[in-house]
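The values are calculated or read from the model by the stated rules, or taken from the named source; none is laboratory data. All values reported here derive from a predicted model rather than from experimental measurement. Ideal geometry is used to build each Cβ from the backbone, glycine not excepted, and the neighbour counts take in all protein chains shown. Calculation scope for accessible area: heavy atoms of the full protein, side chains included, ligands and nucleic acids excluded. Shrake-Rupley method; radii C 1.70, N 1.55, O 1.52, S 1.80 Å.
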Amino acid sequence: RNARYVLNQFRYIRFRYALKRIHSNQKAISIVIGASGVADKEWIATEQSWLDITMYYSWLKFFIPGQIDRILAEHVLEHLDPSETIQAIRNFYTFLRPGGYIRIAVPDGNHPSPQYIENVRPGGTGAGALDHKVLFTYSSIEEIFRNEGFSVRGLEYFSESGEFHALRWNPEDGMIFRSYLHDERNMDGINAYSSIIIDAHKPKV
């Protein structure tokens, strides 16, 4: 427990230092939600223990509305209940700059593999699934973001008919490890594990 506390404090200090450096250099702000300390260059890692994405005033401790350029959240929203998801998305919209975007990845409720669904469904047998609250499909998550004012571009997902859709996307714009293109479990063209991946853009005007 003490080791986890020390690690969390270290990550928090690093987060505050990175924010200060970016503010002083007037660089774009790119943050990773629930990063567990992992973030690529030019991205700042955050943790739930100090940034609760469902709480407006938690964001306001570190950012001003319209300040953030990019947000990355890989397998985060499935851990929220529907009302928390809406509040988180509204906070994303508020704190993103006009023209900014969030890249989201969540488990895919239309994946054709029964074993995949068993692993990721709420209460399922996969790692972390006991804490999953929602199993999204592309259409369900797209609708939520569009209803909150975002324009949505699907990067990877299965449709309701079972057809897999994939666009080639740039990892530098937000790396998603649990994806068809980058998950090492996908061998010889077999889609053993992929996610719904979307870019949701806040309008420029």
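Give me the net charge for the shell around GLY123: Cβ to Cβ below 11 angstrom, other residues only, Lys and Arg +1, Asp and Glu -1.
Around GLY123, the surrounding residues sum to 0.
With label points built 7 Å along Cα→Cβ from the Cα atoms of GLN67 and GLU160, find their separation and express it in nm.
In this crude spin-label approximation the distance works out to 4.2 nm.
Could you report the chain's accessible area per residue, 1.4 Å probe, as an integer in Å²? Mind showing how you got there, number by number?
Details: 10870 Å² over 205 residues.
Value returned for the chain: 53 Å² of accessible area per residue.
Rounded to the nearest Å, what's the spacing between the alpha carbon centres of segment 52-118 and segment 158-193? Just the number, please.
Their Cα centres are 19 Å away from one another.
Hey, what number do you get for the chain at 222 nm if only DSSP H runs of n ≥ 4 count, each worth -39500 (n - 2.57), divided across all residues, to the nearest 500?
Estimated from H runs of four or more residues: -9000 deg cm²/dmol.
When Lys and Arg each count +1 and Asp and Glu each count -1, what net charge do the other residues less than 15 Å away from PRO98, Cβ to Cβ, add up to?
Computed value for this residue: +2.
Quick one: pull the percent of accessible area on the chain belonging to carbon and sulfur, 1.4 Å probe, ligands and nucleic acids left out. Write down the numbers at each step before the final one.
On the way: 5750 of 10870 Å².
Percent of accessible area from carbon and sulfur atoms in the chain: 53.
If you line up the Cα atoms of the chain on their principal axes, what length do they span on each, largest first, in Å?
Taking the Cα atoms of the chain, the three principal extents are 48, 47, 34 Å.
Of the GluC sites (Glu not before Pro) in segment 150-190, which ones lie in a loop per DSSP and count no more than 16 other C-beta atoms within 10 Å?
Hits after loop and neighbour filter: GLU160, GLU163, GLU184.
In angstroms, what radius of gyration and Dmax does segment 35-156 have, counting Cα atoms only?
Rg, Dmax (Cα atoms, Å): 14.7, 44.
When the Kirkwood hydrodynamic radius is evaluated over all pairs of different C-alpha atoms of segment 107-191, what value in angstrom, to one decimal, is obtained?
Evaluated on segment 107-191, it is 14.1 Å.
Reachable lysines from LYS27, Cα under 17 Å, same-chain residues fewer than 8 places away excluded?
Straight-line reach from LYS27, under 17 Å: LYS41.
Explain nothing, just the number: dipole magnitude of the chain about its Cα centre with +1 on each Lys and Arg Cβ and -1 on each Asp and Glu Cβ, in debye rounded to the nearest 20.
For this selection, approximately 1180 debye.
Towards the positive end of the charge dipole of the chain, with charges on Cβ (+1 Lys, Arg; -1 Asp, Glu), say which of ALA127, MET55, ASN110 has the farthest Cα.
Towards the positive end, the residue furthest out is MET55.
Leaving out same-chain residues fewer than 8 places away, which lysines sit with a Cα under 18 Å from that of LYS133?
Counting by Cα, and skipping residues close in sequence, LYS133 has no lysines nearby.
Determine the gain in length on full extension of the stretch ARG153-LYS41; use 0.36 nm per residue of separation and subtract their C-alpha separation, reporting nm with one decimal.
37.9 nm
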